[in-house]
Amino acid sequence: MNNKTVYYQELFYIADCCRFLAAVLNTRPTAEFVAGLRSANTDGFVPVRTSTDKHADGADLIVRYIRQTRTRSPDEVAESLAVDWTRIFRGVAPGYGPCPPYEAMYAGDDSQECQANVMSAVLNAYADAGLVPGNGYSRPDYAGIQLAFLHYLCSRELECLTENNPSEAARFRQQYKQFSAEHLGQWIARYCLQAERFAQTDFYRGVLRYLPEFVGLRHDEDALVSESQ
Amino acid sequence: MDNSKTDGNKGLSRRSFIKGSAGVMALAAMGGGLAYQAKDVFAGADSADRKNQVEYVNGFCDGCLYKKCRTRYAVKDGVLLSVEGHPDGLYNQGNLCSRGQAQVMTLYNPWRTKTPLKRTNPKKGLDEDPKWVEISWEEALATTAQKIKEAKDKDPRLFAMFSGFGAMHSLYMRPFATAIGTPNVIFSPGCFCSGHSGSEILHGSFVECADPKYCKFKIDIGRGQLGNGSADGETQGDVEAVQRGTRIVKVDPRNSSLFSSSEWVPIKPQTELAFLLSLEHVIVHELKTFDVWFVKNRTNATYLIGDDGFYIRHAQSNKPLVWDVGDNTAKEFDDSSIKDYALEGSFEVNGVKAQTAFQLIKQKIKEYTPEWQEAITTIPAAKVRQLAQELVTEARIGSTIDIDGITMPYRPACISIYKGLTNHQFGHVAYFTAMTINILLGAFDVPGGNLGFNNFKYAKDEDGHPKIYHLGAVANQIKFPPTTLDMTHLIPLAHDVGYQYTNTMKDPKKYWLDYAPKVGVFYGCNLFSKGGGIEEISQGLAALDFAAAIATVFDEHAHFADIILPEASHFETDFCYERVFERPSSQRDMYGPMGARKALVKPLYDGRQADEILMDLAARIGTLPPTNGMAKGMNGIKGDIPPTNTQIKVTFNAWIEGKYGPEWDFDKVAEQGQIAPPTLAEHEIYQYSYAPDNQIRLPIYNIYLQKTRVAMLDMLEKAGAEHPAGNDTIREIFQPIPHWFEGTELAKGKDGFDMNLIGWRTPQFLHDVNNTSGNPILQEVAGHSPYYGKLILNTERAEAKGLKDGDRVYVENQHGVKIGPVPVKTSETIHPDAAGVAGGHSRKAFGMDPVNHTTPVSWNRLVPIAWRTIDPVSGAIEISPLIRITKA
């Protein structure tokens, strides 16, 4: 397998992962959600812990939860996940769960100026890519929206590579890197650390361990990219 | 290439990551199975229209109940940057208080309600985890409507609406509940609203204050207008008065830095009534100087009272009689042939012995000497005499002033009171005593004196008294058995006594109710932070089988809900409000201004405009047409509202057009943010101008209480029932003449209960609308005060107790509630017998704002709401509970 192919394949994985994580953060768990999780073939998965990195632990917890709850009804599992999801990601009330994953709450302070500045910055980044968050979904600095944006950028890079348009692909890659470094990568680890204290299911506990390292994954891939071209 | 190269920052290789992630990768590969695509989150890949410049949008502030300050908002590409006072604001003149400036955080508050939620844990309690899950609007509305409809079909009384200041802007809250057919709209701020009852009887008005323009000397009791920190006309009037050199003496258990330029007279908590009675005593018995003309011509002091305590009346006309000294005979009070009224004396009329009301009042207050009060209040007798002398001197009795060509009495001195005085077991008596003093000075509804608000002109009843304005007072018909949860049929001068439901819900039969609500809607209320008895309130809310909360944040009420219906931020929806009542101010409004503000930004979440939520529910329940009809009637909307209307903007337009004419609509008012009401001529501020000379008879002999006592006791006797507060208590308290009685919470030192707890609102949290207590900016501002969040003790008293700054103590009331340990802060600005709490927070619920949650002094928790600690006349809660402090 040549470098280009490897890069493409790994980028494909990363895009899928982005999509998965965005889906997890943006989707209220239902029986269908549970069914979706169960449809994945994780039978062959054996956790590999080659380092102290938490992502393997996270992956292990996620998969174990899916396996261990397989005999429970989808509705029952969905309710457990829904309670946990609402508590962890939606910002119900202080003390009930962590401060919700909004960049302005973690990357800055809770001043009005910071709220407005962060909100403007992420909206500008989306707008630069031609995107506008849908009404009523969540704040534009919500981690789920930022992950969805990264997935969008990743997908477009893959499309460009498929279409043999490396310059356009590089533009999306640069946007991904910049956004990840300036926004999600700046604060998501702090959020995940806080949120894990509130998680009551291994599924979300695993997601919270997995997420920060995933977000930091592409910070230093320039050399990799140049060698693949 | 080495594909196992490590990430520079993380020390983690891509290859390792992917290897360690295999399981997730498998899940990721089927991410489509989660039915998710980026397009679900983003509206589309359209190019965003960015102007990249700040736009200013006009509006009005909703940082407090008054909502009078005109504002403008800086918005840039859909992001609300800031709010500031509009430079042309009629009331605020470019200013905006801290509450107003912090309003951006109501939009960006991360803890807002975001989408409908359902409780999955059926157990309800302050320490129960509701286990919320998000649900669709359809499920939330269908479930709520079904529950309400089931209750309505069975017995409409099974439904109750819980509301408060947070829904004052709603045009549909009361109409919705009324259309269901329930008599129970439980209003949470009512616990502290007993101050209105007296105004309603004496001023024929909702509130009162000292004349901001002409008053030169005033004694403030239980009032902290300057302390509310508002930027609108009322506070500005006070500021200007101070700048003009008005002398303000504050008689209060605590001083405030805002009054440091005047004089503070420390008073032992719960003894203000004794001070006032003594002040009256000095004026009448020692100085013998008061406005005799005013008392004779504008009060019922000259009315003849029989041995039964009622007016002696004319046999034919049934009008109250007075004694004409000139003709030495009894005449109807409004007989134009009267030469001179007898103010004092005993007479015989048609064989019946009678005394003037003033004679009875004078006799009653004879015992209330300054020395007598000193032993109760700790205020030196000499100080009372000095203040009484100042009042009568500064009132300039006999002087007049010409305003707009109309000559009126000029009395630039008065007593100014508010809720710190009226929220006691003796609240109504204290109010009447204070106003009696103002009337003795002639300083009542005349320039310089104590004023009712200006858009209600005196209307007279058949006895010459001002007609009761509304909202309770004697408009509450006493009735047995009572039929509503708040027991207003047994609390005749109650304003809002929603807290009573905590008693009635627990044991309806004990209160002669043959039902108890099973379904409730919470909207804009918080009994926990507006009242006392947190445990009792919790039990009352938990007794509901089903509750839905229309909420912007998760407050304590939401914590007891089964369904959360998220209210969108007022910045995300069109918003319209009219100030419904008004104090005299330099703006001289005929009535309050109307504000309109268009949605400033796109909705961040999936909330809805609250009135549209209620309209949607009404449509599902089948009550939409009557709900719209009542919205029109109950809000005085003159324009048309279609019966099937579900759009709030339609109602706004009907409201505005009906009031200001067809040339105005919501959009037009919103362009400027606010439309000001017509301005009154200066003389029209003073109610004297509407009923000059002897055209009104202020009932300083409180005939309403006399009538009510007799009727109440007769009613209860016939039913063989005992009033929850005790028939003897009714007999003692419902008296037409103010008199001293000792509250059950007065500190006497028994068993170590030797202090009273007092609380006060701080400028950041006035009214607590729009979640000001959960606003991090306001919390930060409040936190700069060294007193915030601490138990404030007098320095010497603390030393005597072996306490110093930073020590921690337990605080316990005599009803078994104990809080702590709480930190102590010593101060010279508080009476030795008082322990103070600034802010008055009571937050306790699981999952509340951590700032509030951990605010260590929960004043409300120690405020009892037992029948034996309330004022059964006005329903006032005793806000200064007796406490015992022990070192932790």
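The values are calculated or read from the model by the stated rules, or taken from the named source; none is laboratory data. Predicted model only: the values in this text are computed from it and were never measured. Cβ sites come from the backbone with ideal geometry, for glycine too, and all protein chains shown count toward neighbours. What goes into the accessible areas is simple: the full protein's heavy atoms, side chains included, and nothing from ligands, DNA or RNA. Shrake-Rupley method; radii C 1.70, N 1.55, O 1.52, S 1.80 Å.
Here the stretch A:128-144 is the region considered, the condition is being surrounded by fewer than 18 Cβ atoms within 10 Å (Cβ to Cβ) and facing another protein chain (nearest Cβ under 7 Å), and the residue that is farthest from A:C99 (Cα to Cα) is A:G130.
Those strands (runs of 3 or more DSSP E) of the stretch B:506-577 in which at least 1 residues are among the small types (G, A, S) and open to solvent by less than 10 Å² (accessible area, probe 1.4 Å), considering only elements entirely within it, cover B:519-523, B:546-551.
I need the full set of residues from the stretch B:409-425 which are at pLDDT below 95, open to solvent by less than 10 Å² (accessible area, probe 1.4 Å) and touching a Phe, Trp or Tyr at 6+ places or on another chain (Cβ under 6 Å), in order please. Residues satisfying the conditions are B:T422, B:N423. Scanning the stretch A:22-54 for residues that are at the interface with chain B (Cβ under 7 Å from one of its Cβ atoms), at pLDDT below 75 and in a helix (DSSP H, G or I) yields a total of 0.
A quick yes/no check of all residues on (1) more than 26 Å from A:A189 (Cα to Cα); (2) assigned to a helix (DSSP H, G or I):
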{"site": "A:R67", "(1), (2)": "yes, yes"}
{"site": "A:R70", "(1), (2)": "yes, no"}
{"site": "A:E79", "(1), (2)": "yes, yes"}
{"site": "A:T86", "(1), (2)": "no, yes"}
{"site": "A:P100", "(1), (2)": "no, no"}
{"site": "A:A104", "(1), (2)": "no, yes"}
{"site": "A:G108", "(1), (2)": "no, no"}
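Exactly one residue out of B:K131, B:K147 is open to solvent by 20 Å² or more (accessible area, probe 1.4 Å), more than 14 Å from chain A (Cβ to nearest Cβ) and either over 18 Å from B:P517 (Cα atoms) or not small (G, A, S) (or both): that is B:K147.
Applying a threshold of 6 Å to beta carbon distances and a minimum spacing of six or more residues, or different chains, the list of pairs starting in the stretch B:64-92 at a residue that is away from chain A (no Cβ under 14 Å) and ending at one that is part of a strand (DSSP E or B) and of a type in the set (V, I, T) reads B:T71/B:V83; B:H86/B:T71. Of all the residues in the stretch B:266-297, those that are open to solvent by 10 Å² or more (accessible area, probe 1.4 Å) and on the phi > 0 side of the Ramachandran plot number 1. Only one of the listed residues (A:L147, A:L123) is buried (at least 21 other Cβ atoms within 10 Å of the Cβ), more than 7 Å from chain B (Cβ to nearest Cβ) and under 20 Å from A:V215 (Cα atoms). That residue is A:L147.
Within the stretch B:68-111, the set of residues being buried (at least 24 other Cβ atoms within 10 Å of the Cβ), out of contact with any Leu (no Cβ under 8 Å at 6 or more places or on another chain) and of a type in the set (D, E, K, R) comprises just one member, B:K68.
On the stretch given as the stretch A:108-120, residues that are surrounded by 18 or more Cβ atoms within 10 Å (Cβ to Cβ) and more than 8 Å from chain B (Cβ to nearest Cβ) total 1. If only residues of the stretch B:298-318 that are β-branched (V, I, T) and open to solvent by less than 10 Å² (accessible area, probe 1.4 Å) are counted, the one that is farthest from B:A691 (Cα to Cα) is B:I305. Any residue in the stretch B:385-395 that is surrounded by fewer than 24 Cβ atoms within 10 Å (Cβ to Cβ) and in contact with a Cys (Cβ under 8 Å, 6 or more places away or on another chain)? Looking for residues that are surrounded by fewer than 24 Cβ atoms within 10 Å (Cβ to Cβ) and in contact with a Cys (Cβ under 8 Å, 6 or more places away or on another chain), one finds none in the stretch B:385-395, hence no.
B:S205 fulfils the conditions (1) open to solvent by 10 Å² or more (accessible area, probe 1.4 Å); (2) in a loop (DSSP other than H, G, I, E, B) except for a single criterion, (1). Close Cβ contacts (under 7 Å, 6 or more residues apart or on different chains) running from residues in the stretch B:601-613 that are more than 8 Å from chain A (Cβ to nearest Cβ) to residues that are at pLDDT below 90 and surrounded by 18 or more Cβ atoms within 10 Å (Cβ to Cβ) comprise B:V601/B:G78.
Would you check if there is a residue in the stretch B:322-338 being under 29 Å from B:Q389 (Cβ atoms) and either polar (S, T, N, Q) or in a helix (DSSP H, G or I) (or both)? So far as the stretch B:322-338 goes, no, none of its residues is under 29 Å from B:Q389 (Cβ atoms) and either polar (S, T, N, Q) or in a helix (DSSP H, G or I) (or both).
For the stretch B:722-826, no helices (runs of 4 or more DSSP H) sit wholly inside it while including 3 or more residues that are open to solvent by 20 Å² or more (accessible area, probe 1.4 Å), closer than 30 Å to B:A301 by Cβ and of a type in the set (A, V, I, L, M, F, W, C). From B:F162, B:F60, grab the single residue that is under 29 Å from A:M105 (Cβ atoms), aromatic (F, W, Y) and out of contact with any Leu (no Cβ under 7 Å at 6 or more places or on another chain). The unique qualifying residue is B:F60. Selection of the stretch B:830-857 for residues being modelled with pLDDT under 80 and open to solvent by less than 10 Å² (accessible area, probe 1.4 Å) yields B:G839, B:G840, B:S842, B:A845, B:G847, B:N852, B:V857.
Residues of the stretch A:55-107 that are over 19 Å from B:Y605 (Cα atoms), within 7 Å of chain B (Cβ to nearest Cβ) and open to solvent by 20 Å² or more (accessible area, probe 1.4 Å): A:E79, A:G95.
Yes/no per residue for (1) within 20 Å of A:Y126 (Cα to Cα); (2) away from chain B (no Cβ under 12 Å):
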| position | (1), (2) |
| --- | --- |
| A:Y152 | yes, no |
| A:R156 | yes, no |
| A:E168 | yes, yes |
| A:L193 | no, yes |
| A:F198 | no, no |
| A:D202 | no, yes |
| A:V215 | yes, no |
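Filtering the stretch A:2-11 to residues that are surrounded by fewer than 20 Cβ atoms within 10 Å (Cβ to Cβ), assigned to a helix (DSSP H, G or I) and either more than 9 Å from chain B (Cβ to nearest Cβ) or free of Cβ contacts under 8 Å to residues at least 60 places away in the same chain (or both) leaves A:K4, A:T5, A:Y8, A:Q9.
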